[in-house]
């Protein structure tokens, strides 16, 4: 596998290299982890997702209640993944009403899924302390992104990126507040760091 130049990928996406953590080529497409806690996937035309979408999209929704227009990757269902009745099972669907065991199985130790599940659980009417502790333990493995749980102007989640700044996102996944003065150019409210 050839080395992926972050500067080249950032230029292709219209981003700054400092906004990227890493890039990985996979069979499903190029996975791009960003310092704001989001992960993107660039799906090639010859390997569309389950909804036949290609191009750049979120690998997973940036927040549990995301309803924005930027597409979200739909994991293709593998032929051998079926329930006892022989029906295809969508393996990428978040088990919102699932047990702690179900949620942890869905997370499978992955950072993006753990962040998503933690935000969803913290926003739940009755958050489960056991699940939150398990998810925080999973996220402790990933030093570049720390979930802060801060709410700003109704934002669903805030995360500290590898650049040391806290960013808050609204329900549509739009950046609404940040401690990084560089984000002010995008019309984002700049708040004092903690």
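Read-outs throughout are calculated quantities, based only on the coordinates presented, and are distinct from any laboratory measurement. In this text, all values refer to a predicted model and were calculated from it rather than measured experimentally. For neighbour counting, all protein chains shown are included, and Cβ atoms are generated from backbone atoms with ideal geometry for every residue, glycine included.
Points to keep in mind about this one:
- In percent, rounded to a whole number, the relative contact order of segment 1-75 is 18, using alpha-carbon pairs under 8 Å and six or more apart.
- Footprinting exposure proxy for 73, 94 (fewest neighbouring C-beta atoms within 10 Å first): 94, 73
- Dividing the alpha-carbon radius of gyration of segment 94-146 by the rule-of-thumb value 2.2 N^0.38 Å gives 1.01.
- With the simple spin-label model, which puts each label point 7 Å out from Cα in the Cβ direction, the residue 69 to residue 101 separation comes to 4.4 nm.
- Cα gyration tensor, segment 1-75 - rounded (a/c under 1.5), prolate or oblate: oblate
- Residue order, fewest to most surrounding Cβ atoms within 10 angstrom, among 138, 31: 31, 138
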